[in-house]
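Undergrad: My questions will all concern the structure given below.
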Amino acid sequence: MTTATQLQRPSAENIYADELSHLKQWDSHHCPPGWQMSPLAVEKFILGDRKLSIEKKIVAPREVIGRIIIGLATNRGAMLVGEPGTAKSWLSELLCAAISNQSTLTIQGGAIEQVTQLLYSWNEALLQTEGPSLAALRPGPIYQGMKQGKLVRFEEIARCTPALQDAILSILSERMILVPELSGADGILYAREGFNIVATSNSLDEGVNVMSAALKRRLNFETVRPIAKVEDEIGVIYRESKKMLVQSGVPLEPDIRIIEVLATIFHELRNGCSLSGRSTDRLASTVMSTAEAVAVAHAMGVYAYYYRDSEMQAADMVHFLVGAALKDNETDRRRMKHYFETEVANKKGPIWKEVLNSIDLL
């Protein structure tokens, strides 16, 4: 059960502290300058290794993860692009935890408007009484990452204004920050080994600013795609919803039969094709991502614990699909109802029948 002192969302380096410690002890391979472990150990941390008792944390092609890791080792920033819910942010957090043992140096591109928010600002009280000094300087995530030699996560980098993108471009090119208010050596911060940027961008909602070609050249682009195999998606939904239920103080094991049905619905609606090869409706504005499926499974588990005597019921699935997946789009609601009438109605098994019986909620 949860207590008042537990964290709702610990960082990856805290969640997997034991695994990171174990990998460091095991790791005898070469480490890039400033990294806490080798590229091979970073890959094992992310993709898992049964022999080393390392949990698989993301479903992605090994070659994609390898390219991202090696790109960061060559001092080119990483740019993770993909649809919402494909675990881009989670992957960036895992990379930072494994390489720098810190994933909390984070910038939200849509939330910053000035260069001072990106690099550094000043303690106005000290600035007025003592003048410009290192003591009065308030370092931002980029400044801290460069000074400490650590990775910085940059969420939705494409939403930054051109002026902010130019500032990032300068940092990735020159690897230094000029502080004109300070004199001498204090006026220049050179990046230490290990510093780099892991950026993400939503391919469906890029914002109003187009990323400059010059900034694109400083980043290695990798597309993080939805999970291809429904079997893998079932495993992810089960594992992640189970973790979230524990964090919610709900001692309930997700019903794997219901998870299988949930994963199939999301998989078919996302791909516009049933598992048997039939063409199905594809939702227009709703992203049927694995993350949304996990949210539905989590909600069903919490509801079962408080309202169903700890028994997940398939009949409740549509109720939470409406809120977690469909949002407020009436067109997609009609398309999902048509999918239920043409596809779910033909599925075999009692779980599918229970789900179909709740079609009126759509």
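The values are calculated or read from the model by the stated rules, or taken from the named source; none is laboratory data. Owing to the predicted nature of the structure, the values given are computational and were not obtained by experimental measurement. With ideal geometry, Cβ positions are generated from the backbone for all residues, glycine too; neighbour counts draw on all protein chains shown.
Undergrad: Would you list the helices (runs of 4 or more DSSP H) that sit entirely within the range 1-71 and hold 2 or more residues that are touching a Gly at 6+ places or on another chain (Cβ under 7 Å) and in the same structural domain as E240 (by TED's automatic domain parsing)?
TA: none
Undergrad: Based on this model, can you work out whether L137 counts as crowded, with 19+ Cβ neighbours inside 10 Å and over 26 Å from K88 (Cβ atoms)?
TA: Here the answer is yes, as L137 does meet what is asked.
Undergrad: Among the residues in the range 327-337, are any charged (D, E, K, R) and outside any helix (DSSP H, G or I)?
TA: Yes: the range 327-337 contains one or more residues that are charged (D, E, K, R) and outside any helix (DSSP H, G or I).
Undergrad: If you don't mind, another one. I'd like the full set of residues that are part of a helix (DSSP H, G or I) and either under 25 Å from L204 (Cα atoms) or without any contact (Cβ under 8 Å) to a residue 40 or more places away in the chain (or both), limited to the range 73-95.
TA: K88, S89, W90, L91, S92, E93, L94, L95, listed by residue number.
Undergrad: Quick check on this structure: which one of K51, K57 is modelled with pLDDT of 95 or more, more than 14 Å from L95 (Cα to Cα) and of a type in the set (K, R)?
TA: K51
Undergrad: Specify which of the listed residues (V287, V322, V318) is at pLDDT below 95 and outside any helix (DSSP H, G or I).
TA: V287
Undergrad: Quick check on this structure: which one of V236, V246, V261 is in a helix (DSSP H, G or I), β-branched (V, I, T) and surrounded by fewer than 16 Cβ atoms within 10 Å (Cβ to Cβ)?
TA: V246
Undergrad: Now for a separate question. When you scan the range 201-220, do you find a residue that is over 19 Å from I107 (Cβ atoms), part of a loop (DSSP other than H, G, I, E, B) and acidic (D, E), even just one?
TA: No: the range 201-220 contains no residue that is over 19 Å from I107 (Cβ atoms), part of a loop (DSSP other than H, G, I, E, B) and acidic (D, E).
Undergrad: Can you find a residue in the range 110-118 that is part of a helix (DSSP H, G or I), over 26 Å from A185 (Cβ atoms), in the same structural domain as V198 (by TED's automatic domain parsing) and in contact (Cβ under 8 Å) with a residue 40 or more places away in the chain?
TA: Yes, there is a match, as at least one residue in the range 110-118 is part of a helix (DSSP H, G or I), over 26 Å from A185 (Cβ atoms), in the same structural domain as V198 (by TED's automatic domain parsing) and in contact (Cβ under 8 Å) with a residue 40 or more places away in the chain.
Undergrad: Does L172 fit the bill of being touching a strand residue (DSSP E or B) at 6+ places or on another chain (Cβ under 8 Å), outside any helix (DSSP H, G or I) and either assigned by TED's automatic domain parsing to the domain that holds W122 or within 20 Å of A78 (Cα to Cα) (or both)?
TA: Considered against the rule, which asks whether it is touching a strand residue (DSSP E or B) at 6+ places or on another chain (Cβ under 8 Å), outside any helix (DSSP H, G or I) and either assigned by TED's automatic domain parsing to the domain that holds W122 or within 20 Å of A78 (Cα to Cα) (or both), L172 comes out as no.
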